[in-house]
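To keep things clear, I will list the structure first and then write my remarks on it.
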Amino acid sequence: EKRELTAEEEQQYNSIMVDVDKLGKQINREETLQGIEGEIRTLTKSTERADETKAKPADEYRKAFMNYVRTNSLSNDELRALSVGVNVAGGFLVPDALSTVIPTTMDRNIPVETSKGTAFWITEETSFIAAESDPAFGQRQLTSHKVATMIRISEELLQDNAFDLESYVINQFATRIGVREEEAFVAGTGVGQPRGITLDAPTGVTAAGAAVLTADEMIRLFHSLPVPYRNRATWLLNDTTILAVRRLTETTGQFIWQPGMQAGTPDRLYGRPVVTSPSMPTMGAGRVSVIIGDLSNYWIADRRGRVFQRLVELYAMTGQVGFRAYQRVDGLLVQTDAVRRLIHP
């Protein structure tokens, strides 16, 4: 009808979306429960078959690592178990079993295509020189930037075996470092940190307003992405922007948002999945509020391991022990043609 929603329609719409969200959360809970039950069955069967007197290397590493955290001492056997770590001034890698990493050992120059070649029709026996069309390449370097954090734990908690120290330490470090990494991979400046995808993605659409979006702008952004990348494209938005997009309608009055109502199915826009990131900028003047594209073309170089160190003397006067951790990573959009962004004026 090409008009704004009435107050009654607005209230009805909000009520519907609340129900949709509740149903989505219920689906997620059921999936999680089924996954846990499956893992328990698998682990139970594995335990029945395993030789209980023989510990796995990862278990030995974990045990030695946590003994080092609690007591700052290691037996000869525990030193051997930690041999995969890096013993530099008391530093060791956090157990590999707790994360999945893609290791690199050096800086790498990555070729980035800056202009594309094309193909030509030629007649029989015509020289291929007539079809010559060379792409142009530039080079960007994937290096490493260090992200670090530190915490203090009281001596009493270190000595209390009832306290789940392992989960606390690992969750603290993983959360802090993970948040900073995501911020950089999305919107990092490239100065002292990775260069975010929002910086190098070409502009597909410039919005009409600084703090608004329209359905027409979203569909034009989708079609600004070259066809070869659409089948693997993913939308990337801030949750605040998603709230605005969920209210957009086409000229027929149909909402463009497609909620994922089936188990394991994400929400979609124009048939492509939507990913929420709090690191994506919100709508505002000069900001990139929407990204769409084949995000696998953003490469992340991870220097192997999240290094962990126990600081014994630094806080001894206050009865505390410090722990520091750091990780070296970099990120780069290597194929800019695979992604498009929407920017506000």
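The values are calculated or read from the model by the stated rules, or taken from the named source; none is laboratory data. Predicted model only: the values in this text are computed from it and were never measured. Every residue, glycine as well, gets a Cβ built from its backbone with ideal geometry; the counts of neighbours run over all protein chains shown. When the accessible area is computed, the model is the full protein with side chains, heavy atoms only, and any ligands, DNA or RNA have been set aside. Shrake-Rupley method; radii C 1.70, N 1.55, O 1.52, S 1.80 Å.
Per residue, how much accessible surface does segment 282-345 expose to a 1.4 Å probe? Answer in Å², no decimals.
38
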Amide H contacts under 5 Å for V290, placed H, 5+ residues apart: L342
From phi via Karplus (6.51, -1.76, 1.60), per-residue ³J(HN,Hα) for segment 337-345 in Hz, x at Gly/Pro: 5, 7, 9, 9, 10, 10, 10, 9, x
Long-range HN-HN contacts of H145 with modeled amide H, under 5 Å: V329, D330
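With a 10 Å radius around each residue's Cβ, average the other Cβ atoms per peptide and rank 288-295, 200-207, highest first.
Listed from highest to lowest mean packing, they are 288-295, 200-207.
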Radius of gyration and Dmax over the Cα atoms of segment 274-345, both given in Å: 19.8, 57
Which of R246, R232, R328, R3 is most accessible, then next, and so on - probe 1.4 Å: R232, R3, R328, R246
Segment N171-Q258, extension gain: residue separation times 0.36 nm, minus the distance between their alpha carbons: 28.0 nm
Accessible surface of segment 283-345, 1.4 Å probe, proportion on carbon and sulfur as whole %: 52
Computed over segment 169-253, Kirkwood Rh from alpha-carbon pairs, angstrom: 15.5
Residues L311 and S154, FRET efficiency given R0 of 22 Å [Cβ-Cβ distance, rounded to 0.05]: 0.95
